[in-house]
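Asker: Please find one structure pasted underneath; my questions will follow.
No lab work stands behind these numbers, since they all come straight from the coordinates. For clarity, every value in this text was computed on a predicted model and none was experimentally measured. Because the Cβ atoms are built from the backbone with ideal geometry, glycine has one as well, and the counts that use them run over all protein chains shown.
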Amino acid sequence: MSTVVFACLDADTLGGIQRVTHTVAQGLAARGHRVHVIGLHRARRPFRYVERPRYRRHVIHRTAAGPVARWSRRLGDRRLRALLEGIGPGHVVMTSPSVVSRMLALLPDGLAGIGHYHGSFEHARGTWHLGSVRRNWARLDQAVFLSDDDAGLFAEHAMLPNTWSIANPLPGWPVRTADLSAHRVLGVGRLAGVKRFDRLITAFAEASRRVGDPWELHLIGEGEELRRLREHAHASGAGDRVVFRGRVSSKAMAREYLGGSVLGLSSEHEGFPLVVAEAAAFGVPAVAFDVSGGMRSLVVPDGTGVLVPPGDVPALATALANLMSSQDDRRRLGAAARAHAESFRLDPILDGWEELLTHLAR
């Protein structure tokens, strides 16, 4: 069995990177691996992903993520280096470009460095991430991306000789599936600008006018965009049909998916949006913008859901209207989506991680 360390900028905030990290850490620990999860900073609002962790957890800085004084950085680096040396030989999975930049020079001999990028190539090339990957990730033992498409693009454009792909896992598998009769579209995620829920609201309002039946859009999540999105819903004429549900616990999300009929995703960028896989596991088809290789691995166009060109709100409205109008189409796509989501169950993804660890041990 291997020793595996997962390092996040902040390991306990509510977010996709953190959720995947804790899910994989618990899964590998359950298989007998020695697992540690490190947060370089503490979370402002800690969220518990695993009730009884089988892995060890560590926090380096007592302050939340953000600029730190030079002396604090040096002290944190000493703590981090000492912790890694005490853990001993194994593998360190660094979950973002910023974590790789911070930790690469601190890795002691015997710890293989693995970069795990949770975004898409499309997003990286529009930010500082691509430059950071080009500078640092070829020096890692392995660079892991969320889809074969993304791994190929990073290999080509960042000149990486060490790419690998592993999808994100579903944390569980539901027994029941949605009957898709409810007149409810779901939008799940942080109410943040990058999620562009304003686009989903606009598309839903237009789709509702075409369909005529009384549908609702339920937005599940919290964030700084709440007030603006409420105003946008009223301005679009759908204020009485857009329901802001706020934060919903992981346990309670099963009920939300069971009560939905379509998932709408309107983000500017996504790596591998687990909400699509989760909805699919409940038999709920998705309508989304085609923004990444990870999205394309989750949604087979007109097979398990509908993908439309990025930012094309009229096309999103048409796709929503079509599914809102046809329960038969929802059930056809939903059944195929659930079958497709089998490949994202936890065990096959853990098999992929163990294959990677075996590859690095050769």
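Asker: Rule-of-thumb check for region 102-171: C-alpha Rg over 2.2 N^0.38 Å?
Answerer: That ratio works out to 1.09.
Asker: Running Debye on region 1-126 with equal point scatterers at the Cα sites and no solvent, what base-10 log of I(q)/I(0) appears at q = 0.09, 0.12, 0.18 Å⁻¹?
Answerer: Evaluating at q = 0.09, 0.12, 0.18 Å⁻¹ gives log10 I(q)/I(0) of -0.24, -0.43, -0.98.
Asker: Report the full-extension gain for the segment ALA361 to ALA155: residue separation times 0.36 nm, less the Cα-Cα distance, to one decimal in nm.
Answerer: 72.0 nm
Asker: Still on this structure, please answer the following. Which cross-chain or sequence-distant (5 or more) residues have an amide H under 5 Å from the amide H of ARG196, H modelled 1.01 Å from N in plane?
Answerer: Answer set, sorted by chain and number: GLU268.
Asker: What does the charge dipole of the chain about its Cα centre add up to, to the nearest 20 debye, if the Cβ of each Lys and Arg holds +1 and the Cβ of each Asp and Glu holds -1?
Answerer: Rounded to the nearest 20 debye, it is 1660 debye.
Asker: Measuring from label point to label point, each 7 Å out along Cα→Cβ, what is the ALA182 to LYS251 span in nm?
Answerer: 1.9
Asker: Give me the Å³ per residue figure for the convex hull around the C-alpha atoms of the chain. Before the final figure, lay out the partial values.
Answerer: Working: hull volume 46.6 nm³, N = 362.
Spread over its residues, the Cα hull of the chain gives 129 Å³ apiece.
Asker: Moving on. Could you work out which residue, out of SER249, SER101, SER181, moves most in a Gaussian network model of the chain, that is, has the largest mean-square fluctuation with Cα springs under 10 Å?
Answerer: SER249
Asker: Another question about this same structure. In which sequence would ARG184, ARG44 go, from the one with the fewest C-beta neighbours within 10 Å to the one with the most?
Answerer: ARG44, ARG184
Asker: Roughly what would the spin-label model give for TRP173 and THR63, points 7 Å off Cα along C-beta, in nm?
Answerer: Calculated label separation equals 4.6 nm.
Asker: To make sure I understand, if each residue's beta carbon is the centre and we count other beta carbons within 10 Å, what order do TYR257, TYR117, TYR49 fall in, fewest to most?
Answerer: Values: TYR257 23, TYR117 26, TYR49 20.
The order, fewest Cβ neighbours first, is TYR49, TYR257, TYR117.
Asker: Find the eigenvalues of the gyration tensor of the Cα atoms of region 184-344, then list the square roots of 5 times those eigenvalues as equivalent ellipsoid semi-axes, largest first, in whole angstrom. Can you show the working numbers first?
Answerer: Values: eigenvalues 92, 59, 47 Å².
Each semi-axis is the square root of five times an eigenvalue, giving 21, 17, 15 Å.
Asker: Let me know the charge dipole size of region 271-339 about its Cα centre in debye, to the nearest 20, where only the beta-carbon of Lys, Arg (+1) and Asp, Glu (-1) is charged.
Answerer: The calculation lands at about 180 debye.
Asker: Would you kindly work out the equivalent ellipsoid of region 14-78 from its C-alpha gyration tensor and give its semi-axes, the square roots of five times the eigenvalues, largest first in whole Å?
Answerer: They are 25, 14, 8 Å, listed largest first.
Asker: Between beta-carbons, use under 9 Å as the cut-off and find the net charge around PRO169, counting Lys and Arg +1, Asp and Glu -1.
Answerer: Numbers: positive: ARG345; negative: ASP347.
Local charge sum for PRO169: 0.
Asker: If packing is taken as the mean number of other Cβ atoms within 10 Å per residue, what is the order of 238-248, 69-79, highest first?
Answerer: Per-residue mean Cβ counts within 10 Å order the peptides as 238-248, 69-79.
Asker: Skipping prolines and chain starts, which residues have an amide H placed within reach, meaning under 5 Å, of the one on LEU263, given they are 5 or more residues away or on another chain?
Answerer: LEU186, ALA286, VAL287
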